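**Q** I am attaching a structure below and will ask some questions about it afterwards.
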Amino acid sequence: MVLSISGNLVSAQPTPEELAGRVVEVTQERIQHIDRLTLTNTIVSGVFEGQETTNVLEKKEHNGRYDLIAVETDGFLETSETGGFSHGIYDDVIRHARSVEHDTYEGHPVYRVYVDDQEFLSSMATIDELMDDNMEPSGQPVSVESFTFFLDREDLVMHHGTFDYKGSLQIHYTLSDYQWHSGLPVPMVTEIAFEGLGDMFTEEELAEARQALQMMEERLDAMPDAQREMIKQQFGDQLEQYKLILESGDIEDMRVEVTELVIN
């Protein structure tokens, strides 16, 4: 009877506050021997293929506990939060959840966490982080309406998350190939998929963006050779990707891999 009761308690569906508390405890335990984490990610396919980005996180005291906090980033691709390394990312989200339910995701027993707290979600990732200001559709609401993610019931790592934006836009994150480094689970692969982005742009807006890009290329051509080459070396790949986006009216799915990881 005692074993049966204990088993039921373990498998019981937790409240958001209970699950957030478990995440905090597990995270504290996992980072206790880590002082500094350096992650280099490379986009190996999809939009911005070949782009490399490095994020550095350090263990710091935060709200009475220790967390890995981003201290250096090149600003192009911040994956530490979806990977669960940044301070308070999962427990903050979970505490604002409307529901936590048992589910499965690709064979993994998971907690399905659903968040639709508009005030909280407005402080999270927005479409602006993935799109250039010049490409943002004018007059189109792009705020997050809800966030749903699947947290492994055993390891408490994220397998998949979806941001639902107003309109038809959805951004999906899938984290896989988890490897353990100094007691910390690291998703070596992050896939980012976009749905409905093309529906957010009118033909007029796409035409304006194409015209702006053409004017930018004309200004580049008019620059001195050395200056033009310097800019092309820095931004040439991104300009080519923007051209592809404007031609198709959509963004190709991305696959990001950890290509270098240094701890302490």
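**Q** Given a 1.4 Å probe and heavy atoms of the protein chains only, how would you sort HIS172, HIS62, HIS96, largest accessible area at the top? Walk me through the numbers on the way to the answer.
**A** On the way: HIS172 30, HIS62 50, HIS96 75 Å².
Descending accessible area places them as HIS96, HIS62, HIS172.
**Q** Let me ask you something else. Using the Cβ atoms and a cut-off under 13 Å, what net charge is assigned to the surroundings of PHE120, where Lys and Arg are +1 and Asp and Glu are -1?
**A** Residues near PHE120 contribute -4 overall.
**Q** May I ask you to rank ASP67, ASP92, ASP116 by accessible area, largest first, using a 1.4 Å probe over the protein chains only? The partial results should precede the final answer.
**A** On the way: ASP67 5, ASP92 70, ASP116 40 Å².
Per-residue accessible area, sorted high to low, gives ASP92, ASP116, ASP67.
**Q** So what J values fall out for segment 157-164 if you push phi through Karplus, 6.51 cos²θ - 1.76 cosθ + 1.60 with θ = phi - 60°, rounded to Hz, Gly and Pro as x?
**A** In residue order, the calculated couplings are 10, 7, 9, 7, x, 10, 9, 9 Hz.
**Q** Out of residues 5 or more away from ARG36 or on other chains, whose amide H comes under 5 Å of its own, with H placed 1.01 Å from N in the peptide plane?
**A** LYS59, ASN264
**Q** Let me ask something else. How much accessible surface area, in Å² rounded to 10, belongs to the heavy atoms of THR73 with a 1.4 Å probe?
**A** We get 70 Å² for THR73.
The values are calculated or read from the model by the stated rules, or taken from the named source; none is laboratory data. Not measured: the values here are computed from a predicted model. Here Cβ is always computed from backbone atoms with ideal geometry, including for glycine, and neighbour counts include all displayed protein chains. Side chains are part of the model used for accessible areas, which takes the heavy atoms of the whole protein and leaves out ligands, DNA and RNA. Shrake-Rupley method; radii C 1.70, N 1.55, O 1.52, S 1.80 Å.
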